[in-house]
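Okay, structure first, notes after.
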């Protein structure tokens, strides 16, 4: 592919995304449907802007699913995964088994051999991880009961793909010679893999070795590597390392015949407790988003409207039948597992469609000669159609069904929380930030800490503190650290420029946060207040006042008098700061260099000191005026 | 109609059983200003001009606080020391507060029977409140009968509820006619 045609394709795909997603979101349809419709629009049957390469794009873009699983793994602590084992194995196992059996039965009823019927059954039992998780996350439903259960089922399906791929070749022998099909990400077959010539025990060993390598590597090797990379303070190196990690694991998994999605998921879980989790998340996130979008567009573009037009009853019948059967089984399971009615509907509508793995399994079945093209093509069309309908089904549930059965909008599944939800974020954990954090922790207030010094992060984590490596000037990182739900953001980073950037970013993206910022001098304090920090603390002020207090004491002032003087001064100082901030806002149009501004500020401060008589005022304890009034005679009512 | 200022002083409000309920019972009324002194001045740095302005704009002042060692909590004493300035609140020129009414709303751990001449403490509560009474009258204001919750150590939750209701009616009466019910 020449550079020009590559760029042209990229232009078409990106333009489709940029145009359709905002429109779809505006209409309340969600981004997934927007992408899918964009795909239909640019596909061969509407505008014809993309053609046969759509299939290649889809296989490439399936890598977005791998990245998504990695990100999901990152949010899933091993302990939480262990707690989910019952729904994963029980619910997921039952869903896959029952659906496979049902479709196999129907297939045999329609006259397919049991081998063909089983291949079709396994294929259609799977749902679309990409569509369901993306849609649920977008609607903020991941933490609901239905969200957690859906996730469990999808995870089981991802695992189940592996034995399915192993079983398919054994079903061969009916459809004649295999035809060339695309190689999905799930299949390392057809390329030379390390395990190609190995005996079964060798394969088992290789698989075990690869998994062990991921777990051990993730635990002991990656953190020191990330620390070294973090020390370079080059963000793109970190991003490259994150991508390298995901791609490397995917390759390794394909070599040993495992699902790359599963491998990266595992790596994600291993890294879920690491301090680099938030940084990795926000590095990979945009790639995942783009690739998934690309994937959805490719699915939309791949729908064969020619086939649908020539055999409408068959395709529509297949699609509706597929959705109805899966829905019925899912809803039955939701009852068995005692989910609420509205949650049951969400769960069943969400998972009723067929998934992206179906494309992989179908093309593999074709290639292995299990199914012939006459069977595969209508199936591919209805799988794609059902995936396009999936967001519509969820929308239907949202708008029509839930209001009818409507009980709870969202559940706060406390037990299965994925994110950290601390009320306070601290950006920067040097001596300033750590003092704030320790004070809060001592009162039992949870804090999430972000710091860019990887050595310090390592040290603090060894002390058992919850500290993450990451640059708080990035809004995506603040987002993953929970800024949307936190109440306070304490900005305690080391330089005025970065402080200002954090404040600006946070103010723009998270209007609900109250910001407490460390400032360095007057000028800088003003900038921070204008940028929207509600509370500004000048770095050296309290130390200077304590020094001044001690100086007064050493000059034989009484301790309390010196202390009162410093408190009075502090309040006066804060008042002056606010007053001067107003001044500066008014005087904006006048050009003043930064240095001149500082000198003028200082002048204003000193003048205000002179005019501020309250600085001297503790008159209640001052006997002078009393002596003046009553000094002559006996005091009638001296309270002192 | 009277404008009422409640000056509330409690150094450990979050652990208080009685005053939390009393504060909850304070009516939400445009003519009533509730001021939580310990929340306002954790460093005891009372803002004298601000406090004086508040006093000037109200007709009735209520000191709400627990009785500690037969007296007011330290911040309220600090407030009295600093806000009631000579030449403003008292003295030849000090007439800013003239004619206003002051009441205490207090709680005691011991029962009413212990605050009797022949009781455990040997004095009535009014006798213990003499310094406040004198401070108030020196500032040319009138000191009225206090609102008292006695015996807080032994009050049940239900009793506290009744006391809170009683406090509410007492404050409403102050708003209505400027004097206690």
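The values are calculated or read from the model by the stated rules, or taken from the named source; none is laboratory data. Every value quoted in this text rests on a predicted model; they were computed, and no experiment measured them. Positions of Cβ are generated from backbone atoms using ideal geometry, with glycine treated the same way; all protein chains shown enter the neighbour counts.
Every condition in (1) within 14 Å of another protein chain (Cβ to nearest Cβ); (2) exposed (fewer than 15 other Cβ atoms within 10 Å of the Cβ); (3) without any contact (Cβ under 8 Å) to a residue 60 or more places away in the chain is met by residue B:45 except one, and the failing one is (2). Check whether at least one residue in the stretch B:14-32 is closer than 28 Å to residue B:151 by Cβ, free of Cβ contacts under 8 Å to residues at least 60 places away in the same chain and crowded, with 19+ Cβ neighbours inside 10 Å, and report yes or no. No, every residue in the stretch B:14-32 fails to be closer than 28 Å to residue B:151 by Cβ, free of Cβ contacts under 8 Å to residues at least 60 places away in the same chain and crowded, with 19+ Cβ neighbours inside 10 Å. Cβ-Cβ contacts under 6 Å between residues 6 or more apart (or on different chains), taken from a first residue in the stretch B:84-99 that is more than 7 Å from chain A (Cβ to nearest Cβ) to a second residue that is surrounded by fewer than 20 Cβ atoms within 10 Å (Cβ to Cβ) and part of a strand (DSSP E or B), are absent. Which of the residues spanning the stretch B:139-162 are within 14 Å of chain A (Cβ to nearest Cβ) and crowded, with 18+ Cβ neighbours inside 10 Å? The answer is B:139, B:141.
Only one of the numbered conditions (1) assigned to a helix (DSSP H, G or I); (2) farther than 14 Å from residue A:491 by Cα; (3) more than 28 Å from the chain's Cα centre (by Cα) is not met by residue A:524, and that is (2).
Yes or no, residue by residue, for (1) at pLDDT 75 or above; (2) surrounded by 20 or more Cβ atoms within 10 Å (Cβ to Cβ); (3) out of contact with any strand residue (DSSP E or B) (no Cβ under 7 Å at 6 or more places or on another chain):
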{"site": "A:409", "(1), (2), (3)": "no, no, yes"}
{"site": "A:414", "(1), (2), (3)": "no, no, yes"}
{"site": "A:429", "(1), (2), (3)": "yes, yes, no"}
{"site": "A:441", "(1), (2), (3)": "yes, no, no"}
{"site": "A:444", "(1), (2), (3)": "yes, no, yes"}
{"site": "A:448", "(1), (2), (3)": "yes, yes, no"}
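Selection within the stretch A:421-452: residues that are part of a loop (DSSP other than H, G, I, E, B) and touching a residue at least 24 places away in the same chain (Cβ under 8 Å). The member of this set that is nearest to residue A:505 (Cα to Cα) is A:428.
Conditions (1) within 29 Å of residue A:24 (Cα to Cα); (2) in contact with a helix residue (DSSP H, G or I) (Cβ under 7 Å, 6 or more places away or on another chain); (3) crowded, with 23+ Cβ neighbours inside 10 Å, marked per residue:
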residue: A:299; (1), (2), (3): yes, yes, yes
residue: A:320; (1), (2), (3): yes, no, no
residue: A:332; (1), (2), (3): no, no, no
residue: A:335; (1), (2), (3): no, yes, no
residue: A:338; (1), (2), (3): no, no, no
residue: A:351; (1), (2), (3): yes, yes, yes
residue: A:362; (1), (2), (3): no, yes, yes
residue: A:387; (1), (2), (3): yes, yes, yes
residue: A:401; (1), (2), (3): yes, yes, no
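Of the residues screened, residue A:80 is not one that is within 29 Å of residue A:323 (Cβ to Cβ), in a helix (DSSP H, G or I) and touching a residue at least 40 places away in the same chain (Cβ under 8 Å).
Taking residue B:70 as meeting all but one of (1) touching a helix residue (DSSP H, G or I) at 6+ places or on another chain (Cβ under 6 Å); (2) more than 14 Å from chain A (Cβ to nearest Cβ); (3) on the phi < 0 side of the Ramachandran plot, write down the number of the exception. It fails just one condition, (3). For the stretch A:536-561, the tally of residues that are away from chain B (no Cβ under 14 Å) and under 53 Å from the mean Cα position of the chain (by Cα) stands at 12.
Tell me, yes or no, whether the stretch A:481-503 has at least one residue that is surrounded by 21 or more Cβ atoms within 10 Å (Cβ to Cβ), in the same structural domain as residue A:575 (by TED's automatic domain parsing), within 25 Å of the chain's Cα centre (by Cα) and at pLDDT below 85. Taking every residue of the stretch A:481-503 in turn, at least one turns out to be surrounded by 21 or more Cβ atoms within 10 Å (Cβ to Cβ), in the same structural domain as residue A:575 (by TED's automatic domain parsing), within 25 Å of the chain's Cα centre (by Cα) and at pLDDT below 85.
Can you spot a residue in the stretch A:124-145 that is part of a helix (DSSP H, G or I), modelled with pLDDT under 85 and more than 22 Å from residue A:63 (Cβ to Cβ)? Yes, some residue in the stretch A:124-145 is part of a helix (DSSP H, G or I), modelled with pLDDT under 85 and more than 22 Å from residue A:63 (Cβ to Cβ). Considering the stretch B:100-112, the residues that are outside any loop (DSSP other than H, G, I, E, B) and crowded, with 16+ Cβ neighbours inside 10 Å include one that is farthest from the other protein chains (Cβ to nearest Cβ), namely B:107. Checking the stated criteria, residue A:404 turns out not to satisfy the condition of being touching a residue at least 40 places away in the same chain (Cβ under 8 Å) and in a helix (DSSP H, G or I).
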